[in-house]
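Asks: Below you will find the structure I want to go over with you.
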Amino acid sequence: DKCFSVEVCAKGVLDTKLLARLHPTFCSIPWFDSPALDSTAVDRIPSILLAKRLCGQGHRVLSHVTGRNLEKRRALAVLNSLKDIGVRNVLAVQGGVYLTVSSGKIRNSLGAFSGVAEGVSKKGRHLLKADKSKDDSKCDFPYAVDFVKFIRQNFGDDFCIAVAGYPDKHPMARSMDEDINYLKEKMLDEHVIPHTFGIRSSYLATTHFIFHYWLVRPSTPGRDFVVTQASYDFEAFRRFSQLCKTAGVSAPLILGIFIFGSYGSLTAMSKFCRLSIPEEVLTVVAENKDNDAAVREFGIHHATTLIRKILRSGDGGFQGFHVFTLNDLGLVEEVLKRLGFLKPPIEYP
């Protein structure tokens, strides 16, 4: 059984009725903070407000929390707030240059690895980023592994912890091997036991998805699963999985998918996230860049084909797929229909 999940954003319009019909295994929420808030007023952070809303609607939530921009006291307040509203799953990331906001709306996002939002300029457009020039010695959590340890040490098994993986290599890693070594660092200890905590059944037509969360032994300050950055290439996912296995990383992999709906969304997301676009994809999209309907159709077709390959691959490491939506759930709905996971409602006479 595989899981299907979506990323939704705290900024912008979210169709919660459509989200309920899609019935994802879980919803992930990128970190989006507000510098105007008092350091203790974490319950009013936009990402936490959305998490509370979705938990109240019965969704399982995976909250992203970026460590580099948080001091220990604020990190504890954030995690306790998430725990209090019912969140039991956290994606622990370092944080970086991740969000662009225009007129209060998210234009681009790094998906699973969204960084803290520093605010919007008076002109309505501002590049939001973490302070990478900050001395590591002055950060409580300079790297994701430091944050993973902190969460496990302070909250035990209260949270399932996800970490980030990069099928096309992290932009700052010098090589894929180096990047896999960093991932292995975040895994800490590979002795995990399957557990039923966090299981949720999701019925999409006749297809039954169950996402099995994994719990680490209480003495292990480690992580539970990996959510990858998006890739447009199945072979990149396959190579990434093989490299993980070779390195001894055996945690479940949830593979990131971005469904592009226009030439602009493809190029903006890929540039922003430094994703590699296969030549055949770029050629088709570039030739039709002024035909939005054609590019949207091709984006849906490409994502559908990619997900089918994932589901049929037989790779035991692939636990499922995770769609970075930018709140465009209509694209997700169309892909799920083509996969046979959603059927039109029955019309009675």
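The values are calculated or read from the model by the stated rules, or taken from the named source; none is laboratory data. Since this is a predicted model, take the numbers as computed values, not measurements. As a convention, Cβ positions derive from the backbone with ideal geometry for all residues, glycine included, and neighbour counts pool all protein chains shown. These accessible areas exclude ligands, DNA and RNA; they are computed on the full protein's heavy atoms, side chains included. Shrake-Rupley method; radii C 1.70, N 1.55, O 1.52, S 1.80 Å.
Asks: For the range 242-257, how many residues meet the condition of being surrounded by fewer than 23 Cβ atoms within 10 Å (Cβ to Cβ) and closer than 26 Å to residue 326 by Cβ?
Replies: 1
Asks: With (1) out of contact with any Gly (no Cβ under 9 Å at 6 or more places or on another chain); (2) at pLDDT 70 or above as the list, and residue 160 as the residue in question, which single condition is left unmet?
Replies: (1)
Asks: Next question. Would you point out the residue of the range 169-186, among those that are in contact with a strand residue (DSSP E or B) (Cβ under 9 Å, 6 or more places away or on another chain) and closer than 26 Å to residue 61 by Cα, that is modelled with the lowest pLDDT?
Replies: 186
Asks: I've got another one for you. With respect to residue 293, is the statement that it is among the aliphatic types (A, V, I, L, M), over 19 Å from the mean Cα position of the chain (by Cα) and over 25 Å from residue 170 (Cβ atoms) true?
Replies: Yes, satisfied.
Asks: In the range 1-33, how many are over 19 Å from residue 225 (Cα atoms) and out of contact with any Phe, Trp or Tyr (no Cβ under 9 Å at 6 or more places or on another chain)? Explain how you work it out, then say what you get.
Replies: Start the filter on the range 1-33 by keeping residues that are over 19 Å from residue 225 (Cα atoms), which leaves 8-23, 32-33.
Remaining after also requiring out of contact with any Phe, Trp or Tyr (no Cβ under 9 Å at 6 or more places or on another chain): 8, 12-21, 32-33.
Residues in the range 1-33 being over 19 Å from residue 225 (Cα atoms) and out of contact with any Phe, Trp or Tyr (no Cβ under 9 Å at 6 or more places or on another chain): 13 in total.
Asks: I've got another one for you. I'd like to verify a number: residues in the range 223-249 that are over 19 Å from the mean Cα position of the chain (by Cα) and over 15 Å from residue 167 (Cα atoms), how many?
Replies: 1
Asks: Which residue pairs have Cβ atoms under 7 Å apart, sit 6 or more places apart or on different chains, and have a first residue in the range 279-304 that is open to solvent by less than 50 Å² (accessible area, probe 1.4 Å) and a second that is acidic (Asp, Glu)?
Replies: Close Cβ pairs (under 7 Å, with a partner that is acidic (Asp, Glu)) amount to 300/334.
Asks: Right, next: Among what's in the range 60-90 and is among the hydroxyl-bearing types (Ser, Thr, Tyr) and surrounded by 24 or more Cβ atoms within 10 Å (Cβ to Cβ), pick the residue that is farthest from residue 7 (Cα to Cα).
Replies: Residues of the range 60-90 that are among the hydroxyl-bearing types (Ser, Thr, Tyr), as a first pass: 63, 66, 81.
Cutting the leftovers down to surrounded by 24 or more Cβ atoms within 10 Å (Cβ to Cβ) gives us 63, 66.
Numbers: 63: 10, 66: 16 Å.
Going through the qualifying residues, I end up with 66.
Asks: How many of the residues in the range 10-22 are buried (at least 18 other Cβ atoms within 10 Å of the Cβ) and either modelled with pLDDT under 95 or of a type in the set (D, E, K, R) (or both)?
Replies: The total comes to 2.
Asks: When you scan the range 1-94 for helices (runs of 4 or more DSSP H) that lie fully inside it, which ones turn up with 1 or more residues that are closer than 21 Å to residue 157 by Cα?
Replies: In the range 1-94, 46-56, 72-84 are the helices (runs of 4 or more DSSP H) which contain 1 or more residues that are closer than 21 Å to residue 157 by Cα.
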